[in-house]
Amino acid sequence: MVQQVRVVLVTGGIGGIGSAVCQRLARDGYRVVANHHPDERDKADAWRRSQVGVGLEIDTVAGDVSSFDDSARMVQQVKERYGSVDILVNCAGITRDKSFKKMELTHWDAVINVNLNSVFNVTKPVWEDMLERGFGRVINISSVNGQRGQFGQANYATAKAGLHGFTMTLAQEGAAKGVTVNTISPGYVETAMTLAMRDDVRDAIISGIPMRRMGAPAEIASAVAFLAAAENGYIT
Ligand code: CAA
């Protein structure tokens, strides 16, 4: 029997962790589509060409995941190109770090919309198809800070904690239909997001990590690949 090539959509696919996820799954033989924000078309084109340079064919698709309508349009576009979305990796995320006394509604809304509402917006248009086909994987990238909080991240920690509730509920709703739903909660990973922190804050955080180093994006991608695999259908 010819094994069907599974189609993966990675939101925030040209970002730090997202890029590593796309590369790993493309190497593993999946058909991978990396989502990027509509304002980042040039960056996404350059990113796609750089993947070709290392022998990887990864498609890109524009879509504002904080918008329900644009997410639906984006998913439809992927379905028209490849027929389905079998594996969804919700990876898009931003920070607007401020102590709560300095946090404005705009900082709150931006992070809740991109990091939390996006998982509703993008999972919704793929979910029913997954249930009907009897196979699906939804992998949500949360954060250690969603479980323990972090000074300056009331918005981010709330969104990342919210992902857990979403995951645990969809896991129950998908379980009998072959659709697994999991959250990965990375610690601090070497990306532009963590590089943007003040040096002294970053150094203090690293000194508190038992391994005394940040994670590498490829180490998170490895966990995504494990959960995406057809043979790992009993973890949800
Ligand atoms: N812990 C305890 N106290 C802190 C603090 C901290 N981390 N940061 C600031 N403070 C204290 C200051 O010492 C100061 O105290 P006093 O008023 O007594 O002098 C007070 O808070 C200053 O408050 P400010 O509102 O002025 O805070 P600030 O501007 O100095 O710093 C911040 C705020 C920039 C958000 C800083 O707290 C910070 O960088 N926090 C870390 C945020 C972080 O971890 N971001 C991770 C980004 S990567 C990511 O999110 C990926 C992932 O999933 C892990």
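Bear in mind these aren't lab numbers, they're just calculated from the coordinates by the rules spelled out. These numbers come from a predicted model, not from an experiment. So basically every Cβ, Gly included, is an ideal-geometry build from the backbone, and we count neighbours across all protein chains shown.
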Go through segment 94-134 and report how many residues are touching a residue at least 60 places away in the same chain (Cβ under 8 Å), closer than 15 Å to S71 by Cβ and within 16 Å of the ligand (Cβ to nearest atom). 1
Check whether at least one residue in segment 159-169 is near the ligand (Cβ under 8 Å from one of its atoms) and surrounded by fewer than 16 Cβ atoms within 10 Å (Cβ to Cβ), and report yes or no. no
Select from segment 135-158 the residues that are more than 10 Å from the ligand (Cβ to nearest atom) and crowded, with 21+ Cβ neighbours inside 10 Å and write down the one among them that is farthest from the chain's Cα centre (by Cα). N155
Quick one: R31 ticks every box in (1) charged (D, E, K, R); (2) under 29 Å from A216 (Cβ atoms); (3) surrounded by fewer than 16 Cβ atoms within 10 Å (Cβ to Cβ) bar one, so which box is it? (3)
What tally of residues in segment 203-217 results from selecting those that are part of a loop (DSSP other than H, G, I, E, B) and in contact (Cβ under 8 Å) with a residue 12 or more places away in the chain? 3
Leading residue by the ranking (surrounded by the fewest Cβ atoms within 10 Å (Cβ to Cβ)) among those in segment 179-202 that are over 17 Å from Y156 (Cβ atoms) and either within 10 Å of the ligand (Cβ to nearest atom) or in contact (Cβ under 8 Å) with a residue 12 or more places away in the chain (or both): D200
Determine whether segment 70-77 contains at least one residue that is under 23 Å from N182 (Cα atoms) and not in a helix (DSSP H, G or I). no
